[in-house]
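The values are calculated or read from the model by the stated rules, or taken from the named source; none is laboratory data. Computed from a predicted model, the values in this text were never measured in an experiment. Neighbour counts are summed over all protein chains in view; Cβ atoms, including those assigned to glycine, are modelled from backbone coordinates with ideal geometry. Surface accessibility is based on the protein's heavy atoms, side chains included, excluding ligands, DNA and RNA. Shrake-Rupley method; radii C 1.70, N 1.55, O 1.52, S 1.80 Å.
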Amino acid sequence: MSAQPIHFMPSEGFKERYRAAVADPHLRHSFRGAMDFLMSKRAAQFPDNGELQSLRDLGQNIRQYSLSRLPDLLEQLERNLTANGVVVHWAENPEQANAIVLDICRRHEAKLMVKGKSMVSEEVELNHAMHDGGVDALESDMGEYIVQLAGEKPSHIIMPAIHKTKQQIAELFAEKVPGAGYTDNVDELIKIGRDVLREKFRTADIGLSGVNFAVAESGTLCLVENEGNGRMCTTVPKVHIAITGIEKVVEKLEHVVPLYSLLTRSATGQNISTYFNMISGPRKTGEKDGPQEVHLVLLDNGRSQAYADEQMRATLQCIRCGACMNHCPVYTRIGGLAYGTTYPGPIGQIISPHLMGLEATHNLVTASSLCGACGEVCPVRIPIPELLTRLRGEAQSAPHSDAAMRGQGAAYSPLQSAIWRGWAAIHSKPALYRAFSWLVSRLNPRRQGGWTSVRTPLTPAPKRLRDLLAERKGR
């Protein structure tokens, strides 16, 4: 069975996709139920609000401390990983990352790669690059395997196939998996996928995984998972390649413990995950399992841009739990596929502009009610609403040559700018304001620009407050 390459949809089509999602009652019902379930599971894991807030403070401090020392910690990580026998590669963009992985595959004449869950590999569209290079890249996380069979991309960073029903998965397996008949029994569906993947683990030339935390002091790569496929990908094939963003580094192993506790409880409502893998090097003499080579690809891809800005640096605190998505009133109604980006939901809205530029993502930064739910549940206290407001300003402001943000001014409109300047002039001059309010009270336009594209028209009061007060005074 061949892996199916997928391309992420341009975010410019976001409006069409979210309208289609809102018009799909089945999708809305499914997501509402799934998100309510995840929200309740998370709440059950944090019965003591005092403990939760203290743990969030600790998580925030650890992430901010790690980012404050990011350049030094990355160098320390490279030194210790190299001393442990791990080959470290640096990639500035997706093209470089894919080229590095493909080069490793070619040196080993690899034809099959089994992949553990890795959002960074989704980010660089690694599957497509491997396909073009003659390497079959197969997802082994069950959710990722399902969406790969369907030729789709993940709709959630933790639960990739959350948008699919068991009946849809049953039909997909019956169509795509050789020898699999139709069954909508969940246990039997899992067994079908497991049987396929077990054989692939045994025959794969390369195993690839993501990284949840990279510990600089010991040169250790930490991997959180529930299915055991991550452990298979990192131990059975002769070569293991890990790929991650440069922001995942922490200084000490003791810093991982509170972050791990926050991650599992915030993501899936688990006190602890089934597996926690710690990888510090290739197989040593006398050891019975493990890869003969381990490689780590550290990816920038716009993260340095976020790091360079004191306010936007908070974006890099993310530990990829997905709690902000589960609590977002927009995400829970339209699902992840509508966003068209690797990272959907609130966290995707603040990460994607750095990865792709505001030219491609300026529609996404306005897809929020700014209700603040995402910021309230973020385990490491990323101020997502504040960052969204900043990004909206960056997108709408007039372009200037010294802008630090890639794509700054992408949504700038001279007409809109002139309207707001006129608005400011009207509200700063009493005579103009009186004339404007008199005119508006006597007009009732049915079309009111962007307002009426999604709302009913505003109906001005027939009399202004000043007119009503004047009438009362004249009595």
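For segment 130-146, the tally of residues that are open to solvent by less than 10 Å² (accessible area, probe 1.4 Å), touching a Gly at 6+ places or on another chain (Cβ under 9 Å) and touching a residue at least 60 places away in the same chain (Cβ under 8 Å) stands at 2.
For residues in segment 375-410 being in contact with a Phe, Trp or Tyr (Cβ under 9 Å, 6 or more places away or on another chain) and of a type in the set (A, V, I, L, M, F, W, C), which is surrounded by the fewest Cβ atoms within 10 Å (Cβ to Cβ)?
Step one: list which residues in segment 375-410 are in contact with a Phe, Trp or Tyr (Cβ under 9 Å, 6 or more places away or on another chain), which gives 395-399.
From what is left, the residues that are of a type in the set (A, V, I, L, M, F, W, C) are 395, 398.
On the way: 395: 23, 398: 11.
Ranking the qualifying residues of segment 375-410, first place goes to 398.
Name the one entry in 113, 159 that is within 21 Å of residue 226 (Cα to Cα), surrounded by fewer than 22 Cβ atoms within 10 Å (Cβ to Cβ) and of a type outside the set (Gly, Ala, Ser). Steps first, please.
Numbers: 113 fails: surrounded by fewer than 22 Cβ atoms within 10 Å (Cβ to Cβ).
Every option except 159 fails the conditions.
Table: residues versus (1) within 22 Å of residue 216 (Cα to Cα); (2) at pLDDT 90 or above.
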| site | (1), (2) |
| --- | --- |
| 15 | no, no |
| 30 | no, no |
| 42 | no, yes |
| 74 | yes, yes |
| 81 | yes, yes |
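Condition check ((1) of a type outside the set (A, V, I, L, M, F, W, C); (2) within 19 Å of residue 211 (Cα to Cα)) across all residues:
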residue	(1), (2)
61	yes, no
76	yes, yes
81	no, yes
148	yes, no
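Residue 166 falls short on exactly one of the conditions (1) basic (Lys, Arg); (2) open to solvent by 40 Å² or more (accessible area, probe 1.4 Å); (3) touching a residue at least 24 places away in the same chain (Cβ under 8 Å), and that condition is (3). Just checking, does segment 421-432 include any residue being free of Cβ contacts under 8 Å to residues at least 24 places away in the same chain and at positive phi? For segment 421-432, residues free of Cβ contacts under 8 Å to residues at least 24 places away in the same chain and at positive phi: absent. The set of residues in segment 108-146 being basic (Lys, Arg) and either under 16 Å from residue 211 (Cβ atoms) or in contact with a Pro (Cβ under 8 Å, 6 or more places away or on another chain) (or both) consists of 115, 117.
Checking the condition of a type outside the set (Ser, Thr, Tyr), assigned to a loop (DSSP other than H, G, I, E, B) and within 29 Å of the chain's Cα centre (by Cα), which residue from 411, 395 passes? The conditions single out 411. Here residue 167 meets the list (1) closer than 30 Å to residue 293 by Cβ; (2) in contact with an Asp or Glu (Cβ under 9 Å, 6 or more places away or on another chain) almost entirely, failing just condition (1). Residue-level check: of (1) within 22 Å of residue 320 (Cβ to Cβ); (2) surrounded by 19 or more Cβ atoms within 10 Å (Cβ to Cβ); (3) touching a residue at least 60 places away in the same chain (Cβ under 8 Å); (4) not small (Gly, Ala, Ser), residue 104 misses just (1). In the condition set (1) open to solvent by less than 10 Å² (accessible area, probe 1.4 Å); (2) not in a helix (DSSP H, G or I), residue 371 is compliant with all but (1). Per this entry, residue 249 is not counted among residues that are farther than 30 Å from residue 403 by Cβ, of a type outside the set (Phe, Trp, Tyr) and more than 15 Å from the chain's Cα centre (by Cα). Inspection of segment 184-200 finds no residue satisfying the criterion of being acidic (Asp, Glu), more than 19 Å from residue 282 (Cα to Cα) and under 27 Å from the mean Cα position of the chain (by Cα). How many residues are over 20 Å from residue 82 (Cα atoms) and in contact with a Gly (Cβ under 9 Å, 6 or more places away or on another chain) if we restrict to segment 295-313? Number satisfying all stated conditions: 3. Residues in segment 74-99 that are more than 24 Å from the chain's Cα centre (by Cα), part of a helix (DSSP H, G or I) and among the hydrophobic types (A, V, I, L, M, F, W, C): 77, 81, 83.
What about residue 127, is it in contact (Cβ under 8 Å) with a residue 24 or more places away in the chain, over 18 Å from residue 337 (Cβ atoms) and under 18 Å from the mean Cα position of the chain (by Cα)? Steps first, answer last, please.
Details: in contact (Cβ under 8 Å) with a residue 24 or more places away in the chain: yes; over 18 Å from residue 337 (Cβ atoms): no; under 18 Å from the mean Cα position of the chain (by Cα): yes.
The answer is no for residue 127.
I'd like the full set of residues that are touching a Phe, Trp or Tyr at 6+ places or on another chain (Cβ under 7 Å) and either open to solvent by 40 Å² or more (accessible area, probe 1.4 Å) or of a type in the set (A, V, I, L, M, F, W, C) (or both), limited to segment 172-196. Result: 174, 180, 189, 192. Listed by position, the strands (runs of 3 or more DSSP E) inside segment 234-341 whose residues that are open to solvent by 20 Å² or more (accessible area, probe 1.4 Å) and at pLDDT 95 or above number at least 3 are 275-279.
For segment 415-461, name all the residues that are of a type in the set (D, E, K, R) and either surrounded by fewer than 12 Cβ atoms within 10 Å (Cβ to Cβ) or within 36 Å of the chain's Cα centre (by Cα) (or both).
Looking only at segment 415-461, we keep the residues that are of a type in the set (D, E, K, R), and these are 421, 429, 434, 442, 446-447, 455.
Result: 421, 442, 446, 447, 455.
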